[in-house]
Structure formats: C-alpha cells, structure tokens
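Following: one structure in structure tokens, then a few remarks.
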Amino acid sequence: MRGLLAAFGSRVLDRIDAGLVTGSIEILLPDGRTRRLGGRADGAKALLHIIDWRALVRLAISGSGGWYIGWSKGEWTSPDAVAIFEVFSANRRTLGKTGRAQGVSRWWRQWAHRGQRNSRAGARRNVAAHYDLGNDFYAAWLDPSLSYSSALFENQAESLAVAQHRKLQAILDRTGTKAGDRLLEIGCGWGSFAALAASAGRQVHAITLSAEQQASIDARALPGVEVTLTDYRDVAGQYDGIASIEMVEAVGQDYWADYLAVIARALRPGGRAAIQFIAIDDAIFDAYAANVDFIQRHIFPGGMLLSRSRFRALAEAQGLGWRDEHCFGPDYAQTLHRWRVAFDEAVAANRLPARFDQHFTALWRFYLMYCEGGFRGGGIDVAQVTLVKD
C-alpha cells in the first residue's frame, strides 16, 4: 500500500511541477528524499514537508478541502504555509484542475453545497454559522473597531486601526453624501462604518442577518443609527447613498442580480453606492464556481467570491454606472497577517472563549494563512467601486 501511495503522490507532484511557471516549492518527502518543484522563474519560495503520502492523495481527490484535512492530521507541515498558498495562487492558471476536488468527491461536495444556497432562510443560517460565533470571539483579535474586512494601508508601518479607519472613510467619501442625508448600509458588521457615518452627520439604516452583530450595535446606542435584522431583498424606501463592505461575497452568484436590483431600487436618482468586494481571477472563475473549496466547506457556507466582469455587467444592466474602481489586494494580505498575529496571541494568552477547542483554533489559523497566500499570489483581489444610479 505504501508503494502505491508513493507512486500516486509522485504523479501528483509531477502535475504540480508542470504547472509552476513562477516560484518554487522545496519538498522533503516521506522517504527522506528531497525534490524541487518549479524554479523556472522568480516568485515565492516555499518549504514543504510531506510526512505521509496520503496528504497528496487528499489534495488530488478533494482539493483545498483535502489539503486542509491532511494538514490537520499532521500529514504535511511547513515553516510558512502562506508561501505554499502564494505559489499555488500565483500559478492558478497553469495549474488548471490541480488542487481542485475531482470525481466522486467533487460531485458529493457540489450536492452538499446545494443546501447552502442563499435563499432568505439559507442566508440567515449561513450568516449565523460564521458571524454568530460570538462577539467575544471576534473582539479577541480584531482591531478595536471590530472591522472584519480589508484595511486600506498608506504604508506597512501604520497600525491596523488607522488603516481600517482610512478604509471606512474612503467608503463614506464614495457615497457622495452630506450631513443630514439618509444612508443605507447593507451588511453592517459590528457597526464600525455606521458609527463613522453617523458621527459625520448621516442618518444610517444598518442591516444585518446576524443577531450577535445587531445586539452589539444596539448596546452602543449610536446616535443617528438604526440597526435591523433585515434581508437585503426586503429593503424598502429610497436613500441618498448606500454602503456595502464585503457583504456581497455572502450573496452567491444566483442572487447577484437581485442584490444589484435592490441597490438600483433603493438609490435616489443620481445616488451613489460604495461597494467593497473580493473577486477571484476571471480566468479561473468557472472552475472555481464548479467546485466547493476549503472556505465554502469549512468557513463560509454559501460564500462565493465575485467574477468582476460578470458582476459589473449585471450592475450596468440595472442602470448602475461602474466608477473609480480601486484594487488593493496586497493590503488584504497585510490585514490577514495582522489578524493572524493577533489571533495567535489571543490563543496563546487563553483569551478566546473556552467553548472553542484546539481543532477550531487550528482551522481558523489555516483559514487566515490560506487567504493571505491567495492575496499575495494575486489569485484573489479586493476592490472598492462606486456604483452611480444614472
């Protein structure tokens, strides 16, 4: 059996090697041999120790989800797993299906994922599964504003709190609103943007599907802010501006048109919507959408990154002009690194709630590394854009 696993694992490594155009992975194999993959052009350099050939079998059959299982079982390790994810992300086009679930595993994951569609009932379940883990959990490692989205850095030396404030101010500026105007926030998190906008004189209606987030904002009793448990599809009335910061990833491709129709309906003529979104490279979107990755399986049920071109076409079909797009993926990599450092410090100091065991904290550390590598390699990006109701 060991010989069969080794032969299969070697073929998986051959496929990875063939797909690495940039960067390299230095591997220590289970039998003590070393092997170098890639190295044809400059790029990220990763170190990987394959302890058990089963890790590569899991990767080949179950994709990124299987790669996580192998890591959690100690079948592979690395002094810097972020670099491994960066190499895969940077070579996303040439790697093709390598690293994505195949065969029965892919079919089963797709079948299971159908139950996570973001209908009204499904969206509430999916949001609760992630955001209702507890305000005490997120407060242990996010910045004091509890901003759970990419910061916007001016330089790498400044604090995360300062960079998060710059992000929030940039979104507010994009809405083109003034003191006294009515502003809708779709997906309000723990109220960081609502608090900033209200302090600048806006009347904010903040909506969420997370009971924990609503309770947190209600407890702050922010003047000028009303927060309600409301599905975006049920928004009524018109507003002078709209803000939505990394909420659309929880909408799903089937509902992008509905989300944009709500924005078009809720904006007054000439109004502006400021959107911050995460997109995956359009060149691999079809392969991504046909699969169920680690994030969708273990972290964000019902989640889906955007195809920028498809989403823009749907926005323009609703009469929403696409203006002033600004991409800042490296800033998200830096944000994730800061979060991981803070998360590790919280774990080491036993500041996370006792209900979260070692398996959970390991899962979340993998998630933060996985995402950081994705942004560093350029396979995913974050952007702000202004949608104008023409």
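The values are calculated or read from the model by the stated rules, or taken from the named source; none is laboratory data. As the structure is a computational prediction, the values presented were derived from the model and not from experiment. Every residue, glycine among them, receives a Cβ derived from its backbone with ideal geometry; neighbour counts consider all protein chains shown. Each accessible area value is taken on the protein alone, full model and side chains, heavy atoms only, with ligands, DNA and RNA left out. Shrake-Rupley method; radii C 1.70, N 1.55, O 1.52, S 1.80 Å.
Helix 120-131 versus the longest principal axis of the chain: what is the Cα-based angle in degrees, 0 to 90, to the nearest 10? Taking the Cα atoms of the chain, the angle to 120-131 is about 70 degrees. Taking amide H as placed 1.01 Å from N in the peptide plane, the amide H of residue 191 sits under 5 Å from none that are at least 5 places away or on another chain. With all protein chains in place and a 1.4 Å probe, the accessible surface of the range 203-245 carries 49 percent carbon and sulfur.
Out of 73, 45, 167, any idea which swings most in a Gaussian network model of the chain, alpha carbons joined below 10 Å? Between 73, 45, 167, it is 73 that shows the largest mean-square fluctuation.
Across all directions, the average flat footprint of the convex hull enclosing the Cα atoms of the range 60-100 is 2.9 nm².
Backbone phi angles across the range 303-308, fed through the Karplus curve with coefficients 6.51, -1.76 and 1.60 (θ = phi - 60°), yield HN-Hα couplings of x, 7, 6, 7, 9, 4 Hz in residue order; Gly and Pro are listed as x. Estimated at 0.36 nm per residue, the fully extended path between residue 128 and residue 154 surpasses their Cα-Cα distance by 6.0 nm.
For the range 189-196, putting each phi into the Karplus relation 6.51 cos²θ - 1.76 cosθ + 1.60 with θ = phi - 60° gives couplings of x, 9, x, 5, 6, 4, 5, 5 Hz, in residue order, rounded to whole numbers and with x for Gly and Pro.
Close amide H partners of residue 292, meaning residues 5 or more places away or on another chain with modelled amide H under 5 Å apart, are 101. Treating r as the C-beta distance of residue 173 and residue 41 and R0 as 30 Å, the FRET efficiency rounds to 0.15.
Helix 54-72 and the long axis of the chain differ in direction by around 70°, with both axes built from C-alpha atoms. Which value at 222 nm does the chain reach when only helices count, each DSSP H run of 4 or more adding -39,500 (n - 2.57), with the total divided by all residues and rounded to the nearest 500 deg cm²/dmol? My calculation for the chain gives -14500 deg cm²/dmol from helical runs alone. Against the main long axis of the alpha-carbon atoms of the chain, helix 160-175 sits at an angle near 50°.
Rounded to the nearest whole Hz, the Karplus-based 3J(HN,Hα) values (6.51 cos²θ - 1.76 cosθ + 1.60, θ = phi - 60°) of the range 279-291 follow the sequence 10, 9, 3, 4, 5, 10, 4, 4, 5, 5, 5, 7, 10, with x at glycine and proline.
Less than 5 angstrom separates the built amide H of residue 43 from those of 23, all sequence-distant by 5 or more or on a different chain. Each label point was placed 7 Å from the Cα along the Cα-to-Cβ direction; for residue 390 and residue 119 their separation is 3.6 nm. As a calculated quantity, the FRET efficiency between residue 345 and residue 93 at R0 = 30 Å, using C-beta atoms, amounts to about 0.25.
Comparing 31, 143, 80 in a Gaussian network model of the chain, where Cα atoms under 10 Å apart are tied by springs, the biggest mean-square fluctuation is seen for 31. Once R0 is set to 56 Å, what does the formula 1/(1 + (r/R0)^6) return for the Cβ-Cβ distance between residue 290 and residue 221, expressed as a FRET efficiency to the nearest 0.05? Computed FRET efficiency for residue 290 and residue 221: 0.75.
Per-peptide packing, taken as the mean over residues of other Cβ atoms within 10 Å, places 5-13, 122-130, 353-361, 53-61 in the sequence 53-61, 122-130, 5-13, 353-361 from highest down.
Subtract the Cα-Cα distance of residue 28 and residue 326 from 0.36 nm times their separation in residues, and report this length gain in nm to one decimal. Don't skip to the answer; put the middle values down first.
Working: separation 298, 0.36 × 298 = 107.28 nm, distance 4.07 nm.
The residue 28-residue 326 span can extend by a further 103.2 nm.
What's the center-to-center distance, using Cα atoms, between the range 160-234 and the range 20-96 in Å? First find each Cα centre; the distance between them is then 41 Å.
In this structure the chain gives 41 Å² per residue of accessible area when probed at 1.4 Å with all protein chains present. Near residue 50, once Lys and Arg are set to +1 and Asp and Glu to -1 for all other residues with Cβ below 11 Å from its Cβ, the sum equals 0.
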